[in-house]
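A.B. asks: Below is one structure. I have some questions about it.
Coordinate-derived values only; no laboratory data. As the structure is a computational prediction, the values presented were derived from the model and not from experiment. With ideal geometry, Cβ positions are generated from the backbone for all residues, glycine too; neighbour counts draw on all protein chains shown.
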Amino acid sequence: MQRLKGTFTALVTPFNNGKVDYASLDRLLRHQLDAGIDGFVVNGTTAESPTLESEEVIKIFHHIRKYCGSQVPLILGTGSNSTKKTIEETKKAASLGADAALVVVPYYNKPPQRGLYEHFKATASSTQIPIILYNVPGRTVTTLSVETIVKLSEIKNIVGIKEASGKIDFAEQIIKGCHKDFVMLSGDDESYVEFLAVGGHGVISVASHIIPKQMIQWRHWAQSGQIERARAEIQDYKNLINLLFVEANPIPVKKALALIGVLETADMRLPLVECSAESTEKLKIELKKVGLL
């Protein structure tokens, strides 16, 4: 699963007057590929997946695949809080030719650990596509335990995890408990360098929309034994990274992308709304500070 180790961007879905803006999407893809990004997540939380229609997801995926070809892996978000629906969406991901499926911990209904295990086991058993677990307690309330993750890692096509709790000691325990080929991807941009320092393999990132080259560089430095260099440089971008989450993701990152001219608009779909004037001004100041405006 070497191809799933790296710097991946959890792509936003550009909108204009309520419709998917494919011209902006193409500019975003070019911006990312030119920077050397390793791959994309399609239909993740950052894509506003709860408000995307099934037909839109299929069209967006085909569009991105046609644009990128096979040069980078495409991971498709398929998780929900219904096991039946998750299985259906994961099978669809396989039929579309996704390189992996990103399956989030079921949200709202708060299953116990044995329920989480059975959910992911049933999903993995339904298809041959590689499965990446997605642990994001800030969104789902429920969290996978280390013990459950280790047990799930023994299932052949559960190949890795996007770990977004931001708890480095938790990530370290997963790394120690799972086999060496289990892919460890950070889902928390602020703690990313520390995640790399304990043996993480990469990131599924929001900030990489705006600072892709830097996110890629920090991983390369960590791999070459220059972790202190990465620790020092990320400090210059900490304020910007934090501002990208000052309102619910992806509200700020879409505004930042519009400010730097990649997206035509920062349109959202309800119930999400555009970035506030106050947060926008803070973003402008920080983007200027790091030379992006």
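A.B. asks: For residue 276, what residues show an amide H to amide H distance below 5 Å, using hydrogens built from the backbone and excluding near sequence neighbours?
C.D. replies: It is none; the list stays empty.
A.B. asks: Treating only the Cβ atoms of Lys and Arg (+1) and Asp and Glu (-1) as charged, compute the dipole magnitude of the chain about its Cα centre; round to the nearest 20 debye.
C.D. replies: 500 debye
A.B. asks: Based on the Kirkwood radius over alpha-carbon pairs, what is the Stokes-Einstein translational diffusion coefficient of segment 14-130 at 37 °C with 0.692 mPa s viscosity, in µm²/s?
C.D. replies: Taking Rh from Cα pairs, D becomes 218 µm²/s.
A.B. asks: Next question. Based on DSSP, what percent of beta bridges with both residues in the chain are antiparallel, to the nearest 5?
C.D. replies: Beta bridges within the chain, antiparallel portion: roughly 5 percent.
A.B. asks: What whole number of Å gives the distance from the Cα centroid of segment 102-164 to the Cα centroid of segment 225-252?
C.D. replies: About 27 Å separates the Cα centre of segment 225-252 from the one of segment 102-164.
A.B. asks: Between residue 71 and residue 233, what FRET efficiency comes out of the Förster formula 1/(1 + (r/R0)^6) with R0 = 25 Å and r the beta carbon distance, rounded to 0.05?
C.D. replies: Efficiency, from the Cβ-Cβ distance: 0.40.
A.B. asks: How large is ³J(HN,Hα) for each residue in segment 10-19, as worked out from phi by the Karplus curve 6.51 cos²θ - 1.76 cosθ + 1.60 (θ = phi - 60°), to whole Hz, x for Gly and Pro?
C.D. replies: Couplings: 7, 4, 6, 9, x, 10, 8, 6, x, 9 Hz.
A.B. asks: Here's a follow-up. What is the spin-label model distance, in nm, from residue 20 to residue 82 if the labels are put 7 Å beyond Cα along the C-beta direction?
C.D. replies: Label-label distance for residue 20 and residue 82, simple model: 2.1 nm.
A.B. asks: Taking the number of other C-beta atoms within 10 Å as the exposure measure, put 215, 184 in order starting with the fewest.
C.D. replies: Ranked by crowding around the Cβ, least crowded first: 184, 215.
A.B. asks: Further question: Normalised by the number of residues in segment 2-225, what is the relative contact order in percent for Cα pairs under 8 Å and 6+ residues apart?
C.D. replies: For segment 2-225, the relative contact order is 21 percent.
A.B. asks: Give the span of the chain's Cα atoms along each principal axis, as three whole-Å numbers ordered largest to smallest.
C.D. replies: Result for the chain: principal-axis Cα extents of 48, 45, 35 Å.
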